[in-house]
Ligand code: SAJ
């Protein structure tokens, strides 16, 4: 018989993953306490509001809060399950920075009474969950931590990476298969009971380090494949070929699926996670490192191309369409579009750059501080421009009437206007 979860869940980190996880549990009857160090976030969630845009999340949060199933606080409560969903950025040297995970473990440790499960959801390098077990064990020498014994420990630790796609989080949270890796088998089973509350996909039990690595591999797989598409776009430019046409034809082969070139790879996952593999085995991760370098170089290449196009005009004006890291979302983290606008604006301080981004109402600080960059409605930005640079494939831009682009130099990095 599968174990059934019974008890309260504390979720540490009310961001893109923690808050949706809190809500899907709460709407299925589990008592959930959301914990965040940011008081504004806690206050917003306590009012039933969501501090960022994600389809269907806002209505679910306000429902869960008004039903009394979800509350928010800055203090870690006693609970039967703890889910750590805090950021794991990388340092300048591309090493994983586990300081937020460590601080979450430090706040959980005093609350442990025996029998709980602590689940690390944050994307982490291999060995991080065991490290959590060690930190908890050091802070609570009165308890037996799972890495210390194959027997029955006093608390359990598991890694269960999230795999949801921003923009489809509320659907994928429920429908995706879930990898659950325990420090011991019993740890994995304890954690699986929690995910069984809402997960309709398969729940795959494994060890913690394999679960950590599997998650990194998923994003490295995608990064390497996007790097191939981006490298093909550079080669095609050089050979005067239309990369979109070349890929369309190649993809008619039954076993070929080249992905789509773009201005670079953004977001907080694909542009970050492969570095954790490189960090774990630097000498051996040659392809994964090169893919990262190709995708990281692409925004600078796009900026150079735009700068070269301005040379044809005496006093040009440029429109850059889109700032988010991908279509139809408001997320600007690690966005190549932001880097491109910044590169161009800094290289040509006398150039007027009008940016259109329907998903934000003000420029991010790194662009807002540049005097030659301003935010406009799309029609305005395009109308006054000599050069139109398409950076994000938002539906709104796809639908732009082609007559508005007539007579302008168009640089379409996403291939949506071909
Ligand atoms: N991109 C391209 N060409 C493509 C596909 C994507 O240039 O053919 C670019 C996008 O424009 C964007 C970036 O890559 O800048 C990443 O976008 P994405 O939609 O591929 O992925 P993310 O970062 O939003 O979410 C990924 C997902 N991982 C995989 O698909 C393997 C998601 O399932 C993970 O949960 C998420 O990372 C995560 O949290 O790790």
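The values are calculated or read from the model by the stated rules, or taken from the named source; none is laboratory data. The shown structure was predicted, so the numbers you read here are calculated from the model rather than taken from an experiment. As a convention, Cβ positions derive from the backbone with ideal geometry for all residues, glycine included, and neighbour counts pool all protein chains shown.
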task: For residue 165, indicate whether it is in contact with a helix residue (DSSP H, G or I) (Cβ under 8 Å, 6 or more places away or on another chain), without any contact (Cβ under 8 Å) to a residue 40 or more places away in the chain and within 16 Å of the ligand (Cβ to nearest atom).
output: yes
- prompt: Which condition number does residue 54 fail, the rest of (1) touching a helix residue (DSSP H, G or I) at 6+ places or on another chain (Cβ under 6 Å); (2) more than 15 Å from the ligand (Cβ to nearest atom); (3) part of a loop (DSSP other than H, G, I, E, B) being met?
  reply: (2)
message: Condition check: surrounded by fewer than 16 Cβ atoms within 10 Å (Cβ to Cβ) and in a loop (DSSP other than H, G, I, E, B). Does residue 253 satisfy that?
response: yes
- line: Cβ pairs under 6 Å, 6+ apart or interchain, first in the range 389-407 and in the same structural domain as residue 266 (by TED's automatic domain parsing), second exposed (fewer than 10 other Cβ atoms within 10 Å of the Cβ), ordered by first then second residue, are none
message: Just to verify a result, which residue in the range 238-250, among those that are surrounded by 16 or more Cβ atoms within 10 Å (Cβ to Cβ) and more than 25 Å from residue 217 (Cβ to Cβ), is farthest from the chain's Cα centre (by Cα)?
response: 246
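Looking only at the range 172-197, which residues are in a helix (DSSP H, G or I), free of Cβ contacts under 8 Å to residues at least 60 places away in the same chain and within 16 Å of the ligand (Cβ to nearest atom)? Step through it out loud before you land on a result.
Filtering the range 172-197 down to residues in a helix (DSSP H, G or I) leaves 172-175, 185-195.
Going one step further and asking which of them are free of Cβ contacts under 8 Å to residues at least 60 places away in the same chain, we end up with 172, 175, 185-186, 188, 195.
Result: 172, 175, 195.
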statement: The correct count of residues that are over 22 Å from residue 237 (Cα atoms) and outside any loop (DSSP other than H, G, I, E, B) in the range 383-418 is 8
message: Any residue at all in the range 37-44 that's surrounded by 14 or more Cβ atoms within 10 Å (Cβ to Cβ), over 22 Å from residue 193 (Cα atoms) and in contact with a strand residue (DSSP E or B) (Cβ under 6 Å, 6 or more places away or on another chain)?
response: yes
task: Filter the range 217-244 down to residues that are within 28 Å of residue 284 (Cβ to Cβ), without any contact (Cβ under 8 Å) to a residue 12 or more places away in the chain and either outside any helix (DSSP H, G or I) or more than 7 Å from the ligand (Cβ to nearest atom) (or both), then give me how many there are.
output: 1
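To keep it simple, each residue is scored yes or no on (1) within 20 Å of residue 200 (Cβ to Cβ); (2) crowded, with 23+ Cβ neighbours inside 10 Å.
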| residue | (1), (2) |
| --- | --- |
| 10 | no, yes |
| 26 | yes, yes |
| 49 | no, no |
| 55 | yes, no |
| 74 | no, no |
| 84 | no, yes |
| 93 | no, no |
| 99 | no, no |
query: residue 113 versus (1) in a loop (DSSP other than H, G, I, E, B); (2) under 29 Å from residue 325 (Cα atoms): which is the lone unmet condition?
result: (2)
- request: Taking only the range 198-212 into account, find how many residues are surrounded by fewer than 22 Cβ atoms within 10 Å (Cβ to Cβ) and part of a helix (DSSP H, G or I).
  value: 2
query: residue 267 is checked against (1) in a helix (DSSP H, G or I); (2) in contact (Cβ under 8 Å) with a residue 60 or more places away in the chain; (3) within 23 Å of the chain's Cα centre (by Cα) and fails just one. What number does that condition carry?
result: (1)
